[in-house]
Amino acid sequence: MNETSFDELLTGNPLLEINTQTLLLLVIFAWASASLIAWKWRNEYQAAKIIRDYAYYAPLHLIVGWVFLNAAIVLVIGSYFMGLIVLLFRSNNYFYK
């Protein structure tokens, strides 16, 4: 069996090229927007209005992620969908005082 170091195995791995700071900023940006939209519609129970507002946010997320942060388009779309999942599974119990 050929003995190779862990560093040699990772050489050329595309996952090493992902800028984790950019990915973290995208995830925080998507989570914060989803939370703000959920808070805005905290007394509304029609999902269509909530999803419509989040769809209006999509171009902003795309521009910030792809143009300003230079993230891969796959990561921008993935972080956007992560925010959508946060928004869809929100609970109004979080907003009660």
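The values are calculated or read from the model by the stated rules, or taken from the named source; none is laboratory data. The structure displayed is predicted, hence computed values, not measured ones. Neighbour counts are summed over all protein chains in view; Cβ atoms, including those assigned to glycine, are modelled from backbone coordinates with ideal geometry. Ligands, DNA and RNA are stripped out before the accessible areas are found, and what is left, the full protein with its side chains, is counted by its heavy atoms. Shrake-Rupley method; radii C 1.70, N 1.55, O 1.52, S 1.80 Å.
Find the residue count for segment 28-47, including only residues that are open to solvent by 50 Å² or more (accessible area, probe 1.4 Å) and at pLDDT 85 or above.
Here the count works out to 6.
What do you reckon, is ALA34 part of a helix (DSSP H, G or I), in contact with a Lys or Arg (Cβ under 8 Å, 6 or more places away or on another chain) and closer than 15 Å to GLY78 by Cβ?
Details: part of a helix (DSSP H, G or I): yes; in contact with a Lys or Arg (Cβ under 8 Å, 6 or more places away or on another chain): yes; closer than 15 Å to GLY78 by Cβ: yes.
Criteria met by ALA34.
Can you name every residue in segment 79-97 that is assigned to a helix (DSSP H, G or I) and either open to solvent by 60 Å² or more (accessible area, probe 1.4 Å) or modelled with pLDDT of 75 or more (or both)?
SER79, TYR80, PHE81, MET82, GLY83, LEU84, ILE85, VAL86, LEU87, LEU88, ASN93, TYR94
I'm trying to understand the selection: among the residues of segment 50-68, which are hydrophobic (A, V, I, L, M, F, W, C) and surrounded by 18 or more Cβ atoms within 10 Å (Cβ to Cβ)? Before you say what the answer is, go through the steps one by one.
Filtering segment 50-68 down to residues hydrophobic (A, V, I, L, M, F, W, C) leaves 50-51, 55, 58, 60, 62-64, 66-68.
Within segment 50-68, ILE50 is the sole residue that qualifies.
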